[in-house]
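Written out below as structure tokens is the structure these notes cover.
The values are calculated or read from the model by the stated rules, or taken from the named source; none is laboratory data. None of these values were measured; they are calculated from a predicted model. Please note: Cβ atoms are built from the backbone with ideal geometry, for glycine as well, and neighbour counts cover all protein chains shown.
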Amino acid sequence: MSYNFDLFIIGAGPGGIAAAKQAANYGKRVAIAEQEAIGGTCVNRGCVPKKLIVYAADIALQDKIAPSYGWSECQRHFNWSKFIAKVYQHVESIQKSYLETLQKNGVELIRQRATFIDPHTVEIGNRKITADKILIAVGGHPNKPDIPGIEHAITSREMFQLQQLPQKLAIVGGGYIGIEFASMMNAFGVEVTLMDTNELILDGFDNDIRSSVQKGLIQRGIQFLSKTTVKEIKQSTQGLQLTLSGDTEETITADTILVATGRVPNTKHLGLENAGVELGEKGAIQVDDYNRTTQDNIFAVGDCISRVPLTPVARTEGEAVAKTAFGDNPQQINYDYVTSAVFARPEAATVGMTEEEAREKYNAVQCYQTEFEPLLYSIVEQKEPTTMKLVVDSPTDRVLGAHMVGERAADIIQSLAVAIRKGITKEDFDATIGIHPTTGEEFLTLD
């Protein structure tokens, strides 16, 4: 049968663009449909603009310790509107770069929504397009809990669209999104209250890392309400009133409420039932080890499947799908050593198993851990301890996981990930001579 395209992709985020480029390199006819801005969540309303906000917040934090390093105190004003305009100038430059990449590779970009008619056919407006293989890379969107008054709250998407900074910000949810915004807004002088249903924030991370980040945020002045959630939101003359339930049963007031209670896949209204694509838990598309759905010619990657919802993972999955479908080289993704970071202050990063996971799988696990004051904070009043931890399988001495809270945690852990993936042992760490004085060298002296 003759098709319009060899590969049709729904969604021009990192996964979709990576697959398009790889398939085009094989000489395949490729088209990609995107109803929103090219680049997906990460570029437009996620990790890229967020990291730029982190940098802006860091300047505010550096100002606080500057007098200890001999700099005279001065009053500076932060112009949020001017700054966020610069952020979106950069975002637009990335969008332009992606567009040029697609054009260079001969990929047709269709800026409309696509829905399935059958396993090989999608409908875009009045146009019907057929393809041999189809990739679903539609991403996800923030979840909003079903509580009275939730329409008064915003999500991470709207946080990037704020015209001005709030004076009081209430954050519902202690995952990485809520934690990062709490840290950034606090640095800008916003009064932040964060609540989570758990005792510790950052569910899924190593418990020592969770505790260390939480202590650091509280030390910076963020009010944390554990085992607490919102029962109702009302508008009043004083602002937005949140009625809380759980360990803290009271009413608090805020100018802005950020709901950061997870993300859900964008799998509704795609006509997946017409294509025989089945969904699993929370609307995620079911895929096998090769990212193939329940329909053999249709694949799915990124935040719309229940794997690891991170940009580098989606990009890797997209490339793997193209290699599997067209490169005569079936690819499976190993998710065991995916690094992740929380760009709060203090910063956290992790790779491999947590202590809890390791103890469930291995009979004898030993952890090597330290907490110390980094040199940067040795002559300032504010204290910001750094935490480092290695999780080791005792019989083999193999390092199963590395975790860190502190300055440059993401860069340090990312570098260690290569060695841990290759089976580095604790003895290998001990035998390595570090650079002094650096934070990273402490990983080489743990005992």
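Worth a mention:
- A single entry from ARG220, ARG292 fulfils the requirement of being charged (D, E, K, R) and under 25 Å from ASN186 (Cβ atoms): ARG220.
- Count - residues of segment 250-275 that are more than 30 Å from ARG113 (Cβ to Cβ), without any contact (Cβ under 8 Å) to a residue 24 or more places away in the chain and in a loop (DSSP other than H, G, I, E, B): 1
- Residue in segment 328-335 that is at pLDDT 95 or above, farther than 30 Å from SER415 by Cα, in a loop (DSSP other than H, G, I, E, B) and over 26 Å from the mean Cα position of the chain (by Cα) present: no
- Segment 83-170 holds strands (runs of 3 or more DSSP E) entirely within its bounds, and those carrying 3 or more residues that are under 15 Å from GLU34 (Cβ atoms) map to 108-110, 127-136.
- A single member of GLY239, GLY175 is out of contact with any strand residue (DSSP E or B) (no Cβ under 6 Å at 6 or more places or on another chain), modelled with pLDDT of 95 or more and surrounded by fewer than 23 Cβ atoms within 10 Å (Cβ to Cβ), and it is GLY175.
- Search result, residues across segment 280-308 that are surrounded by 19 or more Cβ atoms within 10 Å (Cβ to Cβ) and closer than 13 Å to VAL138 by Cβ: ALA284, ILE285, THR293, ILE298, PHE299, ALA300, VAL301, GLY302, ASP303, CYS304, ILE305
- For segment 124-168, the set of residues classified as more than 29 Å from the chain's Cα centre (by Cα), in contact (Cβ under 8 Å) with a residue 60 or more places away in the chain and farther than 27 Å from ARG307 by Cβ consists of ILE124, ILE129, THR130, listed by residue number.
- Test: ALA419 is among the small types (Gly, Ala, Ser), out of contact with any Lys or Arg (no Cβ under 6 Å at 6 or more places or on another chain) and under 26 Å from PRO437 (Cβ atoms): yes
- Top-ranked residue of segment 107-127 - restricted to ones that are out of contact with any Phe, Trp or Tyr (no Cβ under 7 Å at 6 or more places or on another chain) and of a type in the set (A, V, I, L, M), ranked as surrounded by the fewest Cβ atoms within 10 Å (Cβ to Cβ): ILE117
- Selected residue [closer than 14 Å to LEU400 by Cβ and crowded, with 17+ Cβ neighbours inside 10 Å] from ALA358, ALA349, ALA341, ALA364: ALA358
- Look at segment 196-222: where a residue is part of a helix (DSSP H, G or I) and a partner is of a type in the set (S, T, N, Q), sitting 6+ places away or on another chain with Cβ atoms under 7 Å, you get ASP208/GLN369; ASP208/THR387; ILE209/THR350; ILE209/THR387; SER212/THR387; LEU217/SER183.
- Residue list for segment 363-401, restricted to those being in contact with a strand residue (DSSP E or B) (Cβ under 8 Å, 6 or more places away or on another chain) and of a type in the set (Gly, Ala, Ser): ALA364, SER394, GLY401
- Cross-chain or 6+ apart pairs with Cβ under 6 Å, segment 96-107 first and assigned by TED's automatic domain parsing to the domain that holds PRO14 and of a type in the set (A, V, I, L, M, F, W, C), then in a helix (DSSP H, G or I) and surrounded by 12 or more Cβ atoms within 10 Å (Cβ to Cβ): VAL107/ALA20; VAL107/ALA24
- Flag for VAL313 being closer than 21 Å to PRO49 by Cβ, within 11 Å of the chain's Cα centre (by Cα) and among the aliphatic types (A, V, I, L, M): yes
- Within segment 227-249, the set of residues being without any contact (Cβ under 8 Å) to a residue 40 or more places away in the chain, part of a loop (DSSP other than H, G, I, E, B) and in contact with a Ser or Thr (Cβ under 8 Å, 6 or more places away or on another chain) comprises LYS227, GLN238, ASP247.
- Qualifying residue in segment 435-447 (condition: surrounded by fewer than 17 Cβ atoms within 10 Å (Cβ to Cβ), closer than 24 Å to PRO312 by Cβ and free of Cβ contacts under 8 Å to residues at least 40 places away in the same chain): no
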